[in-house]
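Single-structure report; data block below.
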Amino acid sequence: MTRFLDQLGKGAHVAVVRLRSLGDCVLTTPALYLLKRHRPDLRLGVVVEPRSAPVFEDNPDVDDILPPSASVLLRYQPQLCLNLHGGTRSLLLTLASAARWRAGFAHYRFSNFYNVLIPKAQEILHVKRKVHTAEHIASAMFYLGVPQTEIPRARLYARPMHSSTPYAVFHALASSPLKTWPAERFLELAAFVRSRLELEPVFIGAQGDNLTPFEGFRAHTLPLQETKSVLAGAALFIGNDSGPAHMAAAFGVPEVVLFGASDPVVWAPWKTHAETIVSSGGMSSITVERVARAAGKLRVTA
């Protein structure tokens, strides 16, 4: 297998471009760990939008968190720029880096602009099945020269929120109505969790989200850094397939995650005790009883 990492000098700068999805950012952290463990001398910078930057804060595998700025990236002077996003903007940033090695997956649009083309994960991992997003991202590191090994859990760092009572985090929002379970069912489920599992329901959202339907319980819109702390201290997570579900998995929190439009094979919680529920006829086809049974299987109680 090609070992491009062997061509990087000691202490070389490596820029990893990771734009857009919060979940993708979280699921990039296992790959960063593998890279840094193999070449701890490299100075690793992650190019990320400010709203997702807290994912990488306090991570010992990340030396620098860089804004998606062409001028900043050029000054960083990476020898290798690895584009893990694949969109037009991330391509322009990769080119602007002036890196000797510009790496991206071969199936990306405009792949002729990269001089290191990474095959599909199935070819690298020698499998024919669908792969999880964490496997897909980590496979890039294996292609570049990291010895192939087990892909670890995602890595987030935060001090757990102090609470006098054990609590369950509910994330009832999602990026699309096709991925969102009805609010009234979340409320019914929260009542079940409080009475049967003896966990205090806590509904969370990002700043600007509308949590008015859930004001009968503790409900908080929080910056991402505080969201990490709330999730780190949770006894249970229940929610739609979304970025916070992947964050909770990174802290090893047991989860029930509801899937509508997305594929659980690709997006299931990575390496935590979890129950995934897939809708057969839209999210409204998932009953409260079904989710309650799934939560019971996790055997989480106060």
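The values are calculated or read from the model by the stated rules, or taken from the named source; none is laboratory data. In this text, all values refer to a predicted model and were calculated from it rather than measured experimentally. Every residue, glycine among them, receives a Cβ derived from its backbone with ideal geometry; neighbour counts consider all protein chains shown.
Test Ala168 against the criterion of being in contact (Cβ under 8 Å) with a residue 60 or more places away in the chain and under 18 Å from Phe105 (Cβ atoms), and give yes or no.
Working: in contact (Cβ under 8 Å) with a residue 60 or more places away in the chain: yes; under 18 Å from Phe105 (Cβ atoms): no.
Answer is no for this residue.
Residues being modelled with pLDDT under 95 and of a type in the set (Val, Ile, Thr): count how many of those fall in segment 266-302.
3
Return a yes/no flag: does segment 197-209 have any residue that is in a loop (DSSP other than H, G, I, E, B), surrounded by fewer than 18 Cβ atoms within 10 Å (Cβ to Cβ) and either touching a Gly at 6+ places or on another chain (Cβ under 9 Å) or among the polar types (S, T, N, Q) (or both). Lay out the reasoning, then the answer.
Of the residues in segment 197-209, the ones in a loop (DSSP other than H, G, I, E, B) are 197-199, 207-209.
Filter again for surrounded by fewer than 18 Cβ atoms within 10 Å (Cβ to Cβ), leaving 198, 207-209.
Filter once more, so that each one left must be either touching a Gly at 6+ places or on another chain (Cβ under 9 Å) or among the polar types (S, T, N, Q) (or both): 207.
Yes, some residue in segment 197-209 is in a loop (DSSP other than H, G, I, E, B), surrounded by fewer than 18 Cβ atoms within 10 Å (Cβ to Cβ) and either touching a Gly at 6+ places or on another chain (Cβ under 9 Å) or among the polar types (S, T, N, Q) (or both).
Residue by residue through segment 263-295, note down the ones that are more than 28 Å from Ala138 (Cβ to Cβ), part of a helix (DSSP H, G or I) and without any contact (Cβ under 8 Å) to a residue 24 or more places away in the chain.
Passing the criteria: Ser285, Glu289, Arg290, Arg293.
Does at least one position in segment 92-99 carry a residue that is polar (S, T, N, Q), touching a Lys or Arg at 6+ places or on another chain (Cβ under 8 Å) and surrounded by fewer than 18 Cβ atoms within 10 Å (Cβ to Cβ)?
Going residue by residue through segment 92-99, those that are polar (S, T, N, Q) are 94, 97.
After this cut, where a residue has to be touching a Lys or Arg at 6+ places or on another chain (Cβ under 8 Å) as well, the list is 94.
Now narrow it down to the ones that are surrounded by fewer than 18 Cβ atoms within 10 Å (Cβ to Cβ): none.
No; the residues of segment 92-99 include none that is polar (S, T, N, Q), touching a Lys or Arg at 6+ places or on another chain (Cβ under 8 Å) and surrounded by fewer than 18 Cβ atoms within 10 Å (Cβ to Cβ).
Looking only at segment 160-196, count every residue that is assigned to a strand (DSSP E or B) and among the hydrophobic types (A, V, I, L, M, F, W, C) and tell me the total. Explain how you work it out, then say what you get.
We begin by selecting, within segment 160-196, every residue assigned to a strand (DSSP E or B); these are 167-171.
Filter once more, keeping what is among the hydrophobic types (A, V, I, L, M, F, W, C): 168-170.
Adding up the residues that qualify gives 3.
Assess whether Gly243 counts as being modelled with pLDDT of 95 or more and within 14 Å of the chain's Cα centre (by Cα). Step through it out loud before you land on a result.
Working: modelled with pLDDT of 95 or more: yes; within 14 Å of the chain's Cα centre (by Cα): yes.
It is true that Gly243 is modelled with pLDDT of 95 or more and within 14 Å of the chain's Cα centre (by Cα).
Here are some residues: Arg129, Arg102. Which one is at negative phi, in a loop (DSSP other than H, G, I, E, B) and charged (D, E, K, R)? It would help to see each step written out before you state the result.
Numbers: Arg102 fails: in a loop (DSSP other than H, G, I, E, B).
From the options Arg129, Arg102, the qualifying one is Arg129.
If the requirement is being buried (at least 21 other Cβ atoms within 10 Å of the Cβ) and not hydrophobic (A, V, I, L, M, F, W, C), which of these qualifies: Pro264, Pro223, Pro269, Pro213? Full working, then the answer.
On the way: Pro264 fails: buried (at least 21 other Cβ atoms within 10 Å of the Cβ); Pro223 fails: buried (at least 21 other Cβ atoms within 10 Å of the Cβ); Pro213 fails: buried (at least 21 other Cβ atoms within 10 Å of the Cβ).
Only one candidate passes the filter, namely Pro269.
Just checking, which of Gly205, Gly239, Gly243, Gly260 is under 21 Å from Pro152 (Cα atoms) and either in contact with a Ser or Thr (Cβ under 6 Å, 6 or more places away or on another chain) or touching a residue at least 40 places away in the same chain (Cβ under 8 Å) (or both)?
That would be Gly243, the only listed residue that is under 21 Å from Pro152 (Cα atoms) and either in contact with a Ser or Thr (Cβ under 6 Å, 6 or more places away or on another chain) or touching a residue at least 40 places away in the same chain (Cβ under 8 Å) (or both).
Out of all the residues in segment 50-61, is one or more closer than 20 Å to Lys10 by Cα and crowded, with 20+ Cβ neighbours inside 10 Å?
Quick first cut of segment 50-61, residues closer than 20 Å to Lys10 by Cα only: 60-61.
Filter once more, keeping what is crowded, with 20+ Cβ neighbours inside 10 Å: none.
No; the residues of segment 50-61 include none that is closer than 20 Å to Lys10 by Cα and crowded, with 20+ Cβ neighbours inside 10 Å.
Of the conditions (1) at pLDDT 95 or above; (2) assigned to a loop (DSSP other than H, G, I, E, B); (3) within 16 Å of Leu27 (Cα to Cα); (4) not small (Gly, Ala, Ser), Glu135 satisfies every one except a single condition; which number is it?
(2)
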